[in-house]
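The values are calculated or read from the model by the stated rules, or taken from the named source; none is laboratory data. For clarity, every value in this text was computed on a predicted model and none was experimentally measured. Virtual Cβ from ideal backbone geometry, glycine too; neighbours counted across all protein chains shown. Just so you know, the surface numbers come from the protein's heavy atoms only, side chains and all, with ligands and any DNA or RNA stripped out. Shrake-Rupley method; radii C 1.70, N 1.55, O 1.52, S 1.80 Å.
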Amino acid sequence: MSNIIWKIKTFDEFTVPELYAVLKARINVFVIEQNCPYPDLDDYDQKAVHIWAEENGEVLANCRIFDQGIKYPETSIGRVLTTEKARGKNLGRQLIAYAVETIENRFKTTQVRISAQDYLLKFYGEFGFEDTGKKYLEDGIPHTEMLRK
């Protein structure tokens, strides 16, 4: 039986242990696993709504969402991850479904822009995201900007 708990919080609603667990998961996936040394603490966490799945205090999947005008003219989803331990359990699909639903309910829009790693284009396409044609390298990883209308 699964003890996975989903949480949605603003930065000010985090407990210290929750914030630590989210940051640890981000560093483990993006900095260590993907070998991308970058400044993860970018002063946007305070403006985001954070969504994550945890089990026994360990973050398994996480993203942050933004209202219009913060990262892009549209709402956006970023820092999307599933930890190595949690892969293959459909938590990524649940995470994006919750993110889109939260955006629609909190920000009253269906327009969402994301910066997707190219190997995930088909995955995001399942949620209505379309390739905008804007392609670039970020930390040596091919990315494509995608938009959901």
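Structural remarks
- Within segment 36-75, considering residues that are in contact (Cβ under 8 Å) with a residue 40 or more places away in the chain and among the polar types (S, T, N, Q), the one surrounded by the fewest Cβ atoms within 10 Å (Cβ to Cβ): N56
- Residues satisfying the stated conditions in segment 1-23, i.e. part of a loop (DSSP other than H, G, I, E, B) and open to solvent by less than 40 Å² (accessible area, probe 1.4 Å): F14
- Some residue of segment 14-24 being hydroxyl-bearing (S, T, Y) and over 16 Å from the mean Cα position of the chain (by Cα): yes
- Exclusive hit being under 14 Å from the mean Cα position of the chain (by Cα) and at pLDDT 95 or above, set E101, E126: E101
- Whichever residue in segment 1-19 is touching a residue at least 12 places away in the same chain (Cβ under 8 Å) and β-branched (V, I, T) and, among such residues, is farthest from G92 (Cα to Cα): T10
- Scanning segment 94-109 for residues that are open to solvent by 60 Å² or more (accessible area, probe 1.4 Å) and touching a residue at least 12 places away in the same chain (Cβ under 8 Å) turns up Q94, Y98, R106.
- Top-ranked residue in segment 24-35 [being open to solvent by 40 Å² or more (accessible area, probe 1.4 Å) and of a type in the set (D, E, K, R); ranked as farthest from I103 (Cα to Cα)]: E33
- In segment 114-149, of all residues being among the small types (G, A, S) and in contact with a strand residue (DSSP E or B) (Cβ under 6 Å, 6 or more places away or on another chain), the one that is least open to solvent (accessible area, probe 1.4 Å) corresponds to A116.
- Residue list for segment 76-93, filter: under 16 Å from Y119 (Cβ atoms) and open to solvent by 50 Å² or more (accessible area, probe 1.4 Å): E84, R87, G88, R93
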